[in-house]
Amino acid sequence: MDNHQPGSQTQLGCKKATAAQASASIVSPQQLVQITQPSSGDGLDWKTLEQLRSFPGGQVELSSRAVTTTEKLAQTSRRDFLAMMGFTMAAAGLAGCRAPVQNALPLLTGSDDIIPGVANYYATTCGGCSSSCSLVVKQRDGRPIKIEGNTGSTIFGGGTCATGQATVLSLYDDARLREPMWMGKPAYWEDVDRQVLQFLHRYEPRDLRIALLTSTLTSPSTRAIVADWQQRYPKFKHVSWDSISYSALLDASYKSFGQRAIPHYRFDKARVIVALDADFLGTWLSPVEFARQYAKARKTEAGRVLHVQIEPGFSVTGSNADVRLVVASSQMMPVAAALLARVAIKAGYLNLPDISTPVDVRQLDAIADELWKHRGESLVVSGVNDLLLQTTVNTLNLLLRNIDQTVELNSPSLQRSGTDVAMHNLIGEMERGDIHAIMLYGVNPAYDFPDQERFVAALKQVPLSISFSDRLDETSSQVHAICPDHHFLESWGDAEPVESHFSLSQPLIAPLFGTRAAQDSLLAWLDVLPPSYYSYLREFWRKNVFPRHKERLDFEAFWEQSLRDGVSVASSSVTRPTRVHEDWKSAVRTILENVEKSPSPMREGYELHLYESVAMREGKHANNPWLQELPDPVSKITWGNYAAVAPALAKNLGVRDGDIVRVKSKRGQLELPAFVQPGQEPRTISIALGYGRTHAGKAGNNVGVNVSPLVESMDGTRSYALQQIGIEKTGRSQRLASTQSDMSMEGRPLVLETTLQEMADTEHNDQEDLPNVWAERLIGEHSWGMAIDLNACTGCSACVVACQAENNVPVVGVSEVTRNRIMHWVRLDRYYAGSEDNPRSIHQPMMCQHCQHAPCETVCPVLATTTSSEGLNQQVYNRCIGTRYCANNCPYKVRRFNWFQYSQNPEYDYTMESDLGRMVLNPDVAVRSRGVIEKCSMCIQRIQLAKNMALQGRRNLADGDIQTACQQVCPTQAITFGDLKNPESRVSKMLRDQRRFQVLAELGVKPNVSYLKKIRNTLETT
Amino acid sequence: MSTLGITQEPPQSKRTALQVLPPPRWIDGKPSVQRVTEEIVRPLEQWPGKEWWMCFAPSAGALALFLIAVNYTFMKGIGLWGLNNSVGWAFAITNFVFWVGIGHAGTLISAILLLFRQQWRTSINRSAEAMTIFAVICAAQFPLIHVGRPWMVFFIFPYPNQRGPLWVNFRSPLVWDVFAINTYFIISLVFWYLGMIPDLASLRDRAGTGIRKKIFRILSLGWNGSHRTWSRYEIVSLVLAGLATPLVLSVHSVVSMDFATSVVPGWHTTIFPPYFVAGAIYSGFGMVLMLLIITRSTMNLQSYITMRHLDMMAKVLLLTGSIVSYAYATEFFAAWYTGNLYERYHFINRATGPYAWCFYLMVLCNVITPQTLWFKKTRSSVAFLFLVSILVNIGMWFERFVIIVVSLHRAFLPSSWNMFKPTIWDVSILIGSFGLFFTCFLVFIRVLPMIAMWEVKAAIAQEGHQAASTHHADRELRKEVVNA
């Protein structure tokens, strides 16, 4: 490579790409060219997308092959010419025996923004959930193919979650509507608009009772449009309603602090965290942000951070806790009250009633001690949708002086704003016929409202119902008009997840179908001409956001800057007067007396605990096969929900994994498979929400059971903790699609833990170098390696989906997963230790360890797997004949075999069968055929790209130039990749950490992946 | 073969005085040379009987099942089988090792017993060799059909190509397998064919005109039965026997290295080569025993394949079965003695895990069953020996299954512990391979003499002389042959 003349970039890029892609079994035209852009210095090249409205995305197939050939011809010698002529003639003769040819259609009008083979990156905002993380999306040849976090975001950082990663696949979902529908039939936008406007004009504006039911709107400009409607129609009603309710938290905030907004929690500032059934690392409120803060706080050098998790089921957050107390939902309130009483006594309050709890008094005392000791830097949170409990939590935080420290009220989180009561009132009005028209945006109450039938019946009472749903889902199939919204990667928009922290959205691709942004529809029906949300958004930013940035004078420049950066932090508008409860003393007393007086919960029957699962969340992305096939971080089950029961309860009932049980509540009964979950509260059954969709699409329909009908409403607030539940065996059973059946490490030293004390006591704790029969390998220019900090890894599983997206890993479906044939290149091994009733749990990301003395390599008869001079264990798909000997001999069992043809096979119609689904494929990575082994390549395509960039920039590769997909996505930065040959690289430094160990090092395989031990803190009870 | 030219009387003066027992007689009755030919050739020259058809019909049916199952596997992929991410090998490789092992008895009988001048081999060596050929054919199917991309399987041969330095990986035991199996097959085939030439000449001479005569004329390579021909034939046989002998040891040693060179607990064991060879001979003799019990009754050859033959084979089973049992014990001892965590767990799991029933079935068949053969009474019951032969084969199949699947299903990382559950296709291919084997064998006994006629004749002649010191006589004969 070195003797190439700089300047012949095309040829150079070409060569490199060809070498990298030599193993490609299916080569798309884009793969033949990989021209890299000269680096502009800071890595990513972001652009504004002013021209994007005339953006010619969508057309995928570019004639890059033609481009290369022409350029090559210019440098052809006579010999080459003769050779090529011979080849051409032979090729012409052989054309008859070619495999089916795929035609590449050239773009009629080219675009300066699209260079075949070169990826562009654009900043936008995630629409996966209302956390509204800031993103940078990779666009290749006109189509978005990979989502990354925006490192420029001060809130979210460069990480994303599994759901966010998977949203790019939802863009290419076959189930999306391709045009609007009127009365169940496809229609033209003009017709739908005419019909809607005719309806609206039937009423006087001041009489029209129109309702807009939305999920939380984090977009300030959309909220402004809603306000415009309010202005036009005085009886317009906007109801914000979330699938998973945070109503009580909002109400409690209002009650305690005078503002109906969720405080901005700062886990990074907390030295003691007590979470009462709040899965803040998995699903609660803003998991990417919280995971990032949490990892930051728990860095070893930062000292001890104690995390106490009190919960009935086993959440991913609980699996990370230092102390996990198993407490039934019904006992959550007494436990919180008991903590409050202890803290209040320390704060000098006297004569407080004593609360009895099932938790060991010494443990409660110790937790209260820790909280008090770290007052001002502790944090209590709760995910229970219960007003009294949330008020207790607020009181606790106040007594602990955490307000404005770890609980920020000045810039609250706007990520959830739904009100349960408003929804109930709305349905009442609908039933009475008081609503003339309703618009549904981002909600699916026919699926997730507890009284679905009541909602549907009420909906039928409304003369005009309009849905902006992107598909014919449970709700939109019941409405008069569907005006499908864009996918967020196709649309403009903005978000304000935390007050004054703005994030912009810009389209990455021209709309694939005849969809229209919901905001455009709303504007069109307001008779705004021309109805352009884009100009509205700009105007909104000019008027509302721009003035809050004092450093910029020119709006155009500000706008461009904001688009490029994606994020913009405005100076805080007003300092809010935090009206706190007048008399905290009496509040404490009231709470404690309330708890004391309240009847002790029924001990007859069982309790039901409904929760959001990490993969499926509230069920919005049910048709996303990446998420359906994502193993739950704790149970490791894919494709469906289950009734988690404690081992003791399972024994009592005589059920085993997969036995179908009938769960009965006051509100009905349902049947679903049981799963024996260690660490589950003995009398509680946990079931995930978000499953059992019936109108999601082919991948998501009828996967699991919908448990939302069991959700109870107490005073209008939804409760996910139910009592007086019956459970019984049905006698039937099914096999759960689990990816890990064995629970413990069987006494093997595979994942190691340590304590801060132990670290202080031992100077150096490296594994000894054992004798080895192999000759040492010669190391080339680099020696790639990885370090994984188990203390930072939370098990959130975002890396699994990121790897899947980056490396075109196929989805194989429930039956193949059941047969233990999941294809994920990186898996998260979860082990339990300790007692079955409340075990400790530990996560270990496991991917190809890139052994220097790789056992897979010696046994392959055809040399299909080799170790490169840079220390990478490479799999050559074209050479592989599929003996699977390597997979047998791999101690880490990370090699994956293509048991069937998983791509372009109607039997595996998930992502790679339809033309639309294949648009998400990364052209830099070959799609593997049937019969070959595949495995983690350490994102060799990214290594190659970074090398090309460095070469073209005439500089050496710098540490951090290369980020693997799993590393980039990790919200906690648990994974570090780099050059082991460079002693100053971050990965080399991590390898010198005393916590470093290698898995199965005693086999002498010399893995290039090392792990850092997890640090477990203990709660000292007296 | 060494009994060639037996008409010559060994010098009586050289008889040792110690000779008290008459040498064993391996053929019942005293059939004339003419009758031997008649009786052995009879099945070839008449329409087969009902019993043959009763055996052939299910065999051919099973072969059809094999073809269907393999074809469907080629169409869809080996995902049809019960394999998974942890258990990458199961039925196919079990079958492969099983069939390779079966073959070993044939080579042992034809080569090693020839060198050791075991007279009793004469009646059974031809069919044992045929069994070897068919067993290796069966075995060779599996490496082909078990790979992910069978259309690329030629990559495994080191053929000249244009891929520059890309060559096979000589460090991989699978490449060694390719050489071992191919060598084995070629030598066995040549040995078998060569041994048949005098008999083919007999068939040629018996045949009328027609196509039959033409075929046997070509196959008998112009054999004329002259002294010179016999003498050269003798030498070639000895040379080939010498070449084949190491194969008995090497082939299964190489196959065992597929496992022994890996890192998988339960595979990574130095005892494997001798252990596998003993197991192979054990299973091979079990299969020979089974085949001969079937053929002697279906083909009415009780006077050629006598109870004494069965008795000898039973003794071999007892010996090799005991070696195999010893190897099992050694494995457990080594696992305990090394203290290796993973190795220990593997053996605990073998005896107490979810596949423990396979292990105990294996112990029943391979450890307990052969020990019943200490008694003359058991060795002389055809029905009991038939049962033993079946148990031996079941036991040895399960031995390979236990080694392969039980080791893989719970290896190093408990996160990847999975169960293997065979599918209908796994079972079809297993049954089908028996169909392939028996179909070949049944066709063989119909078209070629399944007992080496010329050797039997020679044996009868020798027995007729009551040669007290066969060894001595042979030595004398050898001299004469060489001198001639």
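For the peptides A:168-174, B:201-207, B:143-149, the ranking by packing is A:168-174, B:143-149, B:201-207, with the highest mean count of neighbouring Cβ atoms within 10 Å listed first.
Counting only C-alpha contacts under 8 Å and six or more residues apart, can you give the relative contact order of chain A as a whole percent? Rounded, it is 15 percent for chain A.
Computed per residue of chain B from DSSP H runs no shorter than four, each worth -39500 (n - 2.57), the mean residue ellipticity at 222 nm is -22000 deg cm²/dmol.
Once the Cα atoms are used to define both axes, helix B:453-464 deviates from the longest principal axis of chain B by about 60 degrees. Between 0 and 90 degrees, the angle of helix B:33-45 with respect to the longest Cα principal axis of chain B falls at about 40 degrees.
Rounded to the nearest 20 debye, the dipole magnitude of the protein assembly as shown is 4760 debye, with +1 charges on Lys and Arg beta carbons, -1 on Asp and Glu beta carbons, and the Cα centre as origin.
Neighbouring Cβ atoms from other chains, within 10 Å of the Cβ of residues in A:854-865, number 6 on average.
Residue-wise HN-Hα couplings along the range A:322-336, as the Karplus relation 6.51 cos²θ - 1.76 cosθ + 1.60 with θ = phi - 60° gives them from phi, are 6, 10, 10, 9, 8, 9, 5, 4, 5, 9, 4, 5, x, 5, 4 Hz; Gly and Pro carry x.
Extending 7 Å from Cα along the Cβ direction at A:Thr755 and again at B:Leu221 yields two label points whose distance is 8.1 nm. For the peptide B:168-174, the mean number of other protein chain Cβ atoms found within 10 angstrom of a residue's Cβ is 6.
Between the range A:342-392 and the range A:792-840, what's the alpha-carbon centroid distance in Å? Cα centres, the range A:342-392 to the range A:792-840: 36 Å.
Taking the average, over residues, of other Cβ atoms within 10 Å as the packing measure, peptides A:981-993, A:689-701 rank A:689-701, A:981-993 from highest down. If only the Cβ of Lys and Arg carry +1 and only the Cβ of Asp and Glu carry -1, the dipole of the range B:42-139 around its Cα centre is close to 120 debye. Farthest toward the positive end of the dipole of chain A, out of A:Thr406, A:Pro839, A:Gly882, is the Cα of A:Gly882, where the dipole comes from beta carbon charges about the Cα centre.
The alpha carbon gyration tensor of the range A:216-278 gives principal lengths a ≥ b ≥ c with a/c of 1.5 or higher and a/b greater than b/c, which makes the shape prolate. Rounded to the nearest 500, the helix-only mean residue ellipticity at 222 nm of chain A stands at -8000 deg cm²/dmol, with each DSSP H run of n ≥ 4 adding -39,500 (n - 2.57). Placing unit charges on the Cβ atoms of the charged side chains and taking the dipole of chain B about its Cα centre, the candidate lying farthest along the positive direction among B:Val36, B:Leu189, B:Ser127 is B:Val36. For the range A:790-943, what class follows from the C-alpha gyration tensor (a ≥ b ≥ c being the square roots of its eigenvalues): rounded when a/c is under 1.5, otherwise prolate if a/b is larger than b/c, else oblate? Since a/c reaches 1.5 but b/c is at least a/b, the shape of the range A:790-943 is classed as oblate. From most to least packed by mean Cβ count within 10 Å, the peptides B:298-311, A:262-275 give A:262-275, B:298-311.
Its Cα centre serving as origin, chain B has a Cβ charge dipole (Lys and Arg +1, Asp and Glu -1) of approximately 540 debye. Between the range B:80-113 and the range A:666-712, what's the alpha-carbon centroid distance in Å? Between the Cα centres of the range B:80-113 and the range A:666-712 lies a distance of 47 Å. Listed by chain and number, the lysines placed with their C-alpha closer than 21 angstrom to that of B:Lys377 are B:Lys315; residues fewer than eight positions away on the same chain are left out. Tilt of helix B:210-219 relative to the longest C-alpha principal axis of chain B, in degrees (0 to 90, nearest 10)? The angle comes out near 80 degrees. For A:Tyr121, the residues whose amide H sits under 5 Å from its own are A:Asp45, A:Lys47, A:Gln139, ignoring neighbours fewer than 5 places away on the same chain, with H placed 1.01 Å from N. Counting Cβ atoms of other protein chains within 10 Å of each residue's Cβ and taking the mean over peptide A:824-834 gives 1. Relative contact order of chain B: 34 percent, from C-alpha pairs under 8 Å at least 6 residues apart in sequence. Pairs with C-alpha atoms separated by more than 30 Å, drawn from the list A:Lys664/A:Lys893; A:Lys460/A:Lys636; A:Lys299/A:Lys636; A:Lys636/A:Lys664; A:Lys299/A:Lys1006, are A:Lys664/A:Lys893; A:Lys460/A:Lys636.
Here A:Lys185, A:Lys237, A:Lys299, A:Lys543 are placed in order of increasing Cβ neighbour count within 10 Å, fewest first, which gives A:Lys185, A:Lys543, A:Lys299, A:Lys237.
For the range B:179-328, how big is the tail of P(r) above 18 Å, as a whole percent of Cα pairs? Please report the intermediate quantities before stating the final value.
Working: 8018 of 11175 pairs.
Pairs farther apart than 18 Å: 72 percent.
In chain A, a dipole from Cβ-located charges (positive for Lys and Arg, negative for Asp and Glu) runs towards its positive end, and of A:Gly747, A:Ile210, A:Ser586 it is A:Gly747 whose Cα lies farthest in that direction. Take the alpha carbon gyration tensor of the protein assembly as shown, find the square roots of its eigenvalues, order them as a ≥ b ≥ c, and report rounded if a/c is under 1.5; if not, report prolate when a/b exceeds b/c, else oblate. Here the protein assembly as shown falls in the prolate category.
We did not get these values from a lab; they are worked out from the coordinates using the rules stated. Just so it is clear, the structure is predicted and the values come from calculations on it, not from any experiment. Here Cβ is always computed from backbone atoms with ideal geometry, including for glycine, and neighbour counts include all displayed protein chains.
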